[in-house]
1. Given springs between every Cα pair under 10 Å in a Gaussian network model of the chain, which of Arg300, Arg226, Arg271 has the largest fluctuation?
2. Compute the Rg to Rh ratio over segment 124-222 from the alpha carbon atoms, using the Kirkwood formula for Rh, and round to two decimal places.
3. On a 0 to 90° scale, report how tilted helix 161-173 is relative to the longest principal axis of the chain, with both axes built from alpha carbons and the result rounded to the nearest 10.
4. For segment 23-91 and segment 215-276, compute the distance between their C-alpha centroids and round to whole Å.
5. Multiply the residue separation of Gln54 and Gln150 by 0.36 nm, subtract the distance between their alpha-carbon atoms, and state the gained length in nm to one decimal.
6. From the helices alone, meaning DSSP H stretches of at least four residues, give me the mean residue ellipticity at 222 nm for the chain, per-run term -39500 (n - 2.57), in deg cm²/dmol to the nearest 500.
7. In square nanometres and to one decimal, what's the mean projected area of the convex hull around the Cα atoms of the chain?
8. What residues have an amide H closer than 5 Å to that of Val180, excluding those fewer than 5 places away on the same chain, when H is modeled at 1.01 Å from N in the peptide plane?
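Readers should treat all values here as calculations from the given coordinates under stated rules, not as data from a laboratory. In this text, all values refer to a predicted model and were calculated from it rather than measured experimentally. FYI the Cβ positions are ideal-geometry reconstructions off the backbone, even for glycines, and counts take in every protein chain you see.
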Amino acid sequence: MKLFKKLLAATLVLGCAAAQAADLGKGPVTLISPFPPGGGTDTLTRMIGSAIGQDTGWNIVVENKPGAGGNLALDATARANPDGHTLVMAQTDNIVLNPWLYSKLSYDTFKDFKPVGPVASSPSVFVVLPDSPFKTVADVVKAAQARPNQVSLGIPGIGGTGDLTGYLWRKAANMELMHVPYRGWSQAFPDLASGRIDMYVGSVASLLPQIRGGKVRALAVVADQRSPALPDVPTFPESGFKTINQSIWWGLMAPGKTPDDVIAVLNEKLRKVQSNPELVKKLEDAGYSVMTGSPQDLARQHRADHDAFGKVVQEAGIPKQ
């Protein structure tokens, strides 16, 4: 009798999961963006959401939940009904780094989320004004070594990928840069334009309009390969720093208890639109490189970067908030 009850319970669970997978898209599918409208993550979320909606006929709704370094968006996702109708566009700067930067989180970055699949990546890029005397990475290193803490770098927040990349560059080059934190590019640009800071670092996707518009000039991208959007801009490895090559990635995550059958359907829909040449070109033109893979691929990336970046955060002595 006990065995029968266990088998019956298992059958009911499987049946419920299959039913949830079949019901996907019968109601609105909410894609949560951890950033305000108009930014790089918002743009990516809307491009992916629009593509999936057009392919499936689903009603895709993008909901912006900025604040607390992405924690508001992640918390909302972790608490959502795990039926596949609420997803978050997670990225390195929140799902990976927040456990190392915040002393109290309302969620567990691994237990409370289930990966759907990787979406895209975009390397960080260091930019200067068009008339800056710094023409190359080597120029910055020479000046910073000669004048410790006199060359300044604007960063989008303390402890983010830009801050950590700057730290790794300082360490590799045996130089000192003065890091100046900002909430984002819109706050930093007036200081860059007025000469109060010498450089700024952000993702290619977020800074590409300013680079193409001639407001800033790109020095180097933080990646193994050149960005398709900036083919003439060298990488850090090309500039003599082979270990500085970590791109920022984005991936879709669902609430942790979402059934595997539902995750499989979502991953299938994501990968289908990622194979569309038109979408690939749109993403590349916007500064992204498409990342395709299984939920397990994203889980491995998440874990590996959590461990690797955690070591850098601790080594850099960045305190938790």
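1. It is Arg300.
2. On the Cα set of segment 124-222, Rg over Rh gives 0.92.
3. Orientation of helix 161-173: about 40 degrees from the principal axis.
4. Here the two parts' Cα centres lie 18 Å apart.
5. Fully extending the segment from Gln54 to Gln150 adds 29.4 nm.
6. So the calculated ellipticity at 222 nm is -13500 deg cm²/dmol.
7. Its average projected convex-hull area is 17.3 nm².
8. Here the answer is Leu153, Gly154, Ile155, since their amide H atoms fall under 5 Å of that of Val180.
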